[in-house]
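K.L.:
The structure that follows is given in the form of structure tokens.
The values are calculated or read from the model by the stated rules, or taken from the named source; none is laboratory data. Quantities reported herein were computed from a predicted structural model and do not represent experimental measurements. Positions of Cβ are backbone-derived with ideal geometry, glycine not excepted, and every protein chain shown enters the neighbour counts.
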Amino acid sequence: MAEPVGSYGVTASAASPAERVASGRRLVGSFDQIAGTRLVRVEDGPADGTRILEAWNADGLRIDIAVDRAFDIYQATVRGIGVAWLAPQGMQNRLSFESSGEGWLRNFHGGLFVTCGLDNVGDAIRRPVPEYKSPITELQFNRHGRMSNAAARIVRTELVLEGDDAGIRLEAEIRQGSLHLESLVMRRRIFIPLFGTRIEIADTVTNAGAVAAPVALLYHINLGHPFVNPGGALTIPMPEGQPDHVHTLQVPEPTVQQTVRVFEPQPSDSGWVHLNYSESGRQRATVSYLSKWMPTLLLWELSRERSFVLGPAPTTRSDDIDVVLEPDESLSTGLTFDFVG
């Protein structure tokens, strides 16, 4: 007697993950039909030369990691639905970076999240740099720093098919440094489970220099249509005694200005802040981040026609003060996305 449709392979709803993998293997020529990774290089347009690490799993989650742009996640789709906002100019290679003033905006291509820092987040500014005890005493820092234009070195791509941690593990190292100035190393780990629609990012920033160094870090998250829509609401947990803040997305207009609001959310007992996005009372996504090093949340919204984006942005900067790491000291933080189809 034939097995009923849907009871066999990775789509078998009643099977355990291990059983789904075992029966799925019997139905495919290559496991890439189910989950895998592929490193490609763009060969045309403004992103020419950029390495993209593609990763996909058995439940329709797919991400494109811009290897040459800080190992950030550019496009992400959940069962064919795009969840990230992409800027009008499209993907840009890191060579189009303009370091002066607001030049950062020229190659800010959006994507699921952009890493800002590690020397500055926020507006372009000129300020002294006495921390390094170097001949350089003052520098011009561009908007949101230079990290998002740093190329990563891939150190791990692994598909794990057994155990509770079955999934795709990706790891890279990104360095930012200069003679007389900072020497910082970021180790980034990205994990997507074999089954499910969750993305986990874990970052460790280490001061590899000989003197103390200030560190600024901001995750510029960019959620967009068709996953995000007017009328949707983002709920931010607030400290005891204050009601949770519910931010409702507005219908886009041609000339509306962006808004940026500042919050200090209440973390859970485990130290994570959970931001819940819903539409018509139905949960669509949860964005979570570790608050230990990131006490401040900026909420950027642009409800402009053809530029409709919801941008929660946790950051280490609080009251214009950066974290200072001693030599060989590290900070570790994390960011997760849980999507509901």
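K.L.:
Within the bounds of the stretch 117-130, is there any residue that is touching a strand residue (DSSP E or B) at 6+ places or on another chain (Cβ under 8 Å), among the charged types (D, E, K, R) and more than 20 Å from THR315 (Cβ to Cβ)?
P.N.:
Checking the stretch 117-130: at least one residue is touching a strand residue (DSSP E or B) at 6+ places or on another chain (Cβ under 8 Å), among the charged types (D, E, K, R) and more than 20 Å from THR315 (Cβ to Cβ).
K.L.:
Further question: Among all residue pairs at least 6 apart or on different chains, which show Cβ distances below 8 Å where the first residue, located in the stretch 210-238, is farther than 15 Å from ALA76 by Cα and free of Cβ contacts under 8 Å to residues at least 40 places away in the same chain and the second is in a loop (DSSP other than H, G, I, E, B) and among the polar types (S, T, N, Q)?
P.N.:
Listed pairs, sorted by first residue: PRO237/GLN266; PRO237/SER268; MET238/GLN266.
K.L.:
Quick one: GLY60 ticks every box in (1) crowded, with 22+ Cβ neighbours inside 10 Å; (2) farther than 14 Å from ILE190 by Cβ except a single one, so which number is it?
P.N.:
Going through (1) crowded, with 22+ Cβ neighbours inside 10 Å; (2) farther than 14 Å from ILE190 by Cβ one by one, GLY60 breaks only (1).
K.L.:
Another question about this same structure. What's the number of the only condition in (1) at pLDDT below 95; (2) within 18 Å of the chain's Cα centre (by Cα); (3) outside any strand (DSSP E or B) that ARG69 fails to meet?
P.N.:
All conditions are met except number (1).
K.L.:
In addition: Select from the stretch 199-227 the residues that are modelled with pLDDT of 95 or more, of a type in the set (A, V, I, L, M) and under 28 Å from LEU86 (Cβ atoms) and list them in ascending order.
P.N.:
Within the stretch 199-227, ILE199, ILE201, ALA202, VAL205, LEU217, LEU218, ILE221, LEU223 qualify.
K.L.:
Just checking, how many residues over the stretch 76-91 are in a loop (DSSP other than H, G, I, E, B), hydrophobic (A, V, I, L, M, F, W, C) and within 17 Å of GLY311 (Cα to Cα)?
P.N.:
Count: 3.
K.L.:
Suppose we filter the stretch 180-196 for residues that are of a type in the set (Phe, Trp, Tyr) and not in a loop (DSSP other than H, G, I, E, B); how many remain? Talk me through it step by step, then tell me what you get.
P.N.:
Here is the first cut: in the stretch 180-196, the residues of a type in the set (Phe, Trp, Tyr) are 191, 195.
With the extra rule that they be not in a loop (DSSP other than H, G, I, E, B), the set shrinks to 191.
Going through the stretch 180-196 one residue at a time, the tally reaches 1.
K.L.:
Now for a separate question. Select from the stretch 200-253 the residues that are closer than 30 Å to HIS180 by Cα, of a type in the set (S, T, N, Q) and surrounded by 22 or more Cβ atoms within 10 Å (Cβ to Cβ) and list them in ascending order. Before the answer, list the steps.
P.N.:
Just the residues of the stretch 200-253 that are closer than 30 Å to HIS180 by Cα, to begin with: 202-220.
Next cut, of a type in the set (S, T, N, Q) only: 204, 206-207.
Matches in the stretch 200-253: ASN207 only.
K.L.:
Taking only the stretch 18-41 into account, find how many residues are within 17 Å of ILE52 (Cα to Cα) and assigned to a loop (DSSP other than H, G, I, E, B).
P.N.:
Residues in the stretch 18-41 being within 17 Å of ILE52 (Cα to Cα) and assigned to a loop (DSSP other than H, G, I, E, B): 1 in total.
K.L.:
Tell me, which strands (runs of 3 or more DSSP E) lie completely within the stretch 101-155 with 3 or more residues that are more than 18 Å from the chain's Cα centre (by Cα) and of a type outside the set (Lys, Arg)?
P.N.:
138-141
K.L.:
I need every pair where a residue in the stretch 149-173 that is surrounded by fewer than 14 Cβ atoms within 10 Å (Cβ to Cβ) has its Cβ under 7 Å from the Cβ of a residue that is of a type in the set (Asp, Glu) and outside any loop (DSSP other than H, G, I, E, B), sequence separation at least 6 or different chains.
P.N.:
From residues that are surrounded by fewer than 14 Cβ atoms within 10 Å (Cβ to Cβ), the pairs are ARG153/GLU173; VAL155/GLU171; VAL155/GLU173; ARG156/GLU171.
K.L.:
Regarding the stretch 205-214, can at least one residue be identified that is more than 22 Å from LYS292 (Cα to Cα) and part of a strand (DSSP E or B)? Outline the logic, then answer.
P.N.:
Kept after step one, since they are more than 22 Å from LYS292 (Cα to Cα), are these residues of the stretch 205-214: 209-211.
Checking which are part of a strand (DSSP E or B) leaves us with none.
Within the stretch 205-214, none of the residues are more than 22 Å from LYS292 (Cα to Cα) and part of a strand (DSSP E or B).
K.L.:
Right, here's the next one. Check off (1) at pLDDT below 90; (2) within 18 Å of the chain's Cα centre (by Cα); (3) hydrophobic (A, V, I, L, M, F, W, C); (4) surrounded by fewer than 18 Cβ atoms within 10 Å (Cβ to Cβ) for LEU95 and give me the number that stays unchecked.
P.N.:
(2)
K.L.:
A further question follows. If you check SER280 against the conditions, is it among the small types (Gly, Ala, Ser) and farther than 18 Å from THR115 by Cα? Walk me through how you get there before you give the answer.
P.N.:
Numbers: among the small types (Gly, Ala, Ser): yes; farther than 18 Å from THR115 by Cα: yes.
The answer is yes for SER280.
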